[in-house]
Amino acid sequence: MTEFPDRKTSDRAPTLAGQIGDKAVRKLKARRNPTPGVWFGLGMMGLIGWSVVVPTLLGAALGLWLDAQHPGTHSWTLALLVGGLTLGCFNAWHWVAKEEQAMREEQEDDDD
């Protein structure tokens, strides 16, 4: 391959050694920080699902007990079910935001 004196180094195609080096660096980085797989995603969905379901069911159970102990014109079951659902949704939002922040920080560290 003949090099032309007026061409810049950045204009040339990367050398074979450079390409192999880049691939090796990417491979080592992938081994250090494996990409989460399907099971990780399913586990995260389960974690988020349970963080919504548990407060909702606890609220409904407490509401049923209060309705049985103190009958009245309004339903404690419905009120506490909605309250538990709201608390569970905020809990799930917290988990997702925390994981997203951790992924962003990891990606910024990898970019440096």
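Checking the a/c ratio against 1.5 first, then a/b against b/c, what shape does the Cα gyration tensor give for segment 57-109? The shape class here is prolate. With labels modelled as points extended 7 Å from the Cα through the Cβ direction, what inter-label distance (nm, one decimal) is found for R104 paired with Q19? Rounded to a tenth, the inter-label distance reads 3.7 nm.
Under the 0.36 nm per residue contour assumption, what length would be gained going from the current alpha-carbon distance of L42 and L62 to full extension?
Separation in residues times 0.36 nm, less the Cα-Cα distance, equals 4.2 nm.
Please tell me the relative contact order of segment 37-111 in percent, rounded to the nearest whole number, where contacts are Cα pairs under 8 Å and at least six residues apart. About 34 percent, as a whole number.
Determine the shape class of segment 28-82: with a ≥ b ≥ c the square roots of the Cα gyration tensor eigenvalues, call it rounded for a/c under 1.5, and otherwise prolate if a/b is greater than b/c, oblate otherwise.
Prolate is the answer for segment 28-82, as a/c is 1.5 or above and a/b outweighs b/c.
The distance between label points at A97 and K29 comes to 3.0 nm (points 7 Å beyond Cα on the Cα→Cβ vector).
All of the numbers you see were taken from the coordinates with simple rules; none came from a lab. What you see is a predicted model; the values in this text were computed from it and never measured. We place every Cβ from the backbone using ideal geometry, glycine too, and count neighbours over all the protein chains shown.
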